[in-house]
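Structure record follows, encoded as structure tokens.
The values are calculated or read from the model by the stated rules, or taken from the named source; none is laboratory data. A quick note: this is a predicted structure, and the numbers were derived from the prediction, not measured. A quick note on method: Cβ atoms are made from the backbone with ideal geometry, for glycine too, and the neighbour counts reach across all protein chains shown.
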Amino acid sequence: MSGKPEAGDFTGWLVRSDVPRIGTFACSDPLLNHYYEVSLRTIEGNLQGYLTDCPHREKCQWTGDLHAVAEAASYNFDLSKFFPKAARDLRTTLGIVHPHPQSSLPRDPRAPANVAGGRRLPHQARPDWGAATVLVPHTAWLFYGDTGIVRENWPVMEGWMAFLREHAVKEGIIEEGYGDWCPPGSNSEIDTPVALTSTALYYKSLHAMRDMANALGKSGSAETYAREAERIKAAFIDRFHNRQAGHFGTQTGTAMALQLGLYPEARRARVADGLVRLIMEKADGRYTTGIFGHRPLYTVLNDNGKADVTAHLWQQTGFPSLRFLTEKHGLTTWPEVPYDWPEGERYRRNSFNHPMHSGFAAVFHESLSGIRPDPAQPGFRHFILQPCFLPGLEWARADHRSPFGTISSHWKRDGGRIVWNVTVPDGCSASVRLPQASAVRVNVQPAPAPFVELTAGDHTIELL
């Protein structure tokens, strides 16, 4: 080589697992398209036989990252063969490593490792990371209608839940875990109690077990998991709900509560208002969420009539913001988002290609386009269409190739109305949940808002 090479002298090749791309998204705002593309590049680059935490440094399938990003990945890639392997990888680690030094839980043959595939095998899974034992098969079942993965892993899932029930749950609360890992700044900035995130994920797992038990015809087990979920919900609200403020103390706590229905039934609107105050007043209009809170943050804002706050967060510059995360090193998302590390320190300590903070990208399909699976008929045999017409956005379009065919959701503003074109695959149906509008027409005919039922075919919905 005659001289120092320039960046243009190199050619990069993406090498990943051969899983088909089945989802697309685009909208009128180039910045949002950038967020989507950066997140997808991060996920795609980490599909290396398993979902690595980074493809070049640790190369480990950390189970917390796996379940945090599972839905965003599933909207965009066909992981129907990938997830069964991930579940098998988890099974190979059952009972083979010791608990974390700070853990009070015993070593148990029903517990997997924190890492299920990779260069190292550090410690038995803590309750929040080990939730992947249940949530990965559940995601595969929900997106692909795969009862095979449920049946194959049912004994392992039941064993994990029994282990938690016997050793971790105390008066309806799980006190330990890693917590809302890697919020803006560093792990020293985690502001949500570990007990909140671990208990919320246990509750989510109980609901997943209920749904999968019903899918296998195990009605007795389904009822048992449903009763346990109600007990956990009551304990969660009693412990973490700030009745005076209306929220759950932090952005992550409140976002997870709204996502999972862990709030007093009549107080949803007040909890959503509390989340807005935590963002706009306490955090000066910035997000403070880590791995578990960032995943649902924007969707729950949109679902609760707070899309203006989502739009505000997405347009922010500086630290912390999605723009800072995706433009400062603009190809992939990072694990840690440091503000004051010197440049040399950043590159030594950070991978700059870590999927844990790409989990939020599910919002582009599930919220901006509104495409959501229905647990009552998994695999998108029946699905929900619940879009958010984000303020300032002129149009958005998304496609998702389900096991039954391609679902399309394309909307645009046209003067004072919104025109929304939807495709429901053959043999499928969809329930439309609309925001309040003065009038709605479906295929030119007046229709009742906010709920509309669609059969297979192409439909035009007008919000007037």
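Some points to look at:
- Some residue of region 129-137 being at pLDDT 95 or above, of a type outside the set (A, V, I, L, M), in a helix (DSSP H, G or I) and assigned by TED's automatic domain parsing to the domain that holds PHE292: yes
- Looking across region 159-190, the residues that are among the charged types (D, E, K, R), surrounded by fewer than 22 Cβ atoms within 10 Å (Cβ to Cβ) and touching a helix residue (DSSP H, G or I) at 6+ places or on another chain (Cβ under 8 Å) come down to ARG165, GLU171, GLU175, GLU176.
- Being over 30 Å from VAL19 (Cβ atoms), in contact (Cβ under 8 Å) with a residue 12 or more places away in the chain and of a type outside the set (Asp, Glu) holds for only one residue in LEU393, LEU385, LEU463, and it is LEU463.
- The set of residues in region 388-439 that are surrounded by 15 or more Cβ atoms within 10 Å (Cβ to Cβ), of a type in the set (S, T, N, Q) and assigned to a loop (DSSP other than H, G, I, E, B) is empty.
- Helices (runs of 4 or more DSSP H) wholly inside region 1-118 that include at least 3 residues being under 21 Å from TYR202 (Cβ atoms): 63-76, 82-91
- Residue selected from region 348-386 under the condition over 14 Å from the mean Cα position of the chain (by Cα) and under 19 Å from LEU31 (Cα atoms), by the criterion surrounded by the most Cβ atoms within 10 Å (Cβ to Cβ): SER369
- Filtering GLY246, GLY253, GLY285, GLY220 for residues that are in contact (Cβ under 8 Å) with a residue 12 or more places away in the chain and either part of a helix (DSSP H, G or I) or hydrophobic (A, V, I, L, M, F, W, C) (or both) leaves a single hit, GLY253.
- Of all residues in region 100-125 being of a type in the set (Lys, Arg) and out of contact with any helix residue (DSSP H, G or I) (no Cβ under 6 Å at 6 or more places or on another chain), the one that is nearest to GLY159 (Cα to Cα): ARG107
- Of all residues making up region 11-39, the number that are modelled with pLDDT of 90 or more and more than 30 Å from THR310 (Cα to Cα): 6
- When region 396-417 is limited to residues that are modelled with pLDDT of 95 or more and farther than 26 Å from ASP78 by Cα, the one that is nearest to the chain's Cα centre (by Cα) turns out to be LYS412.
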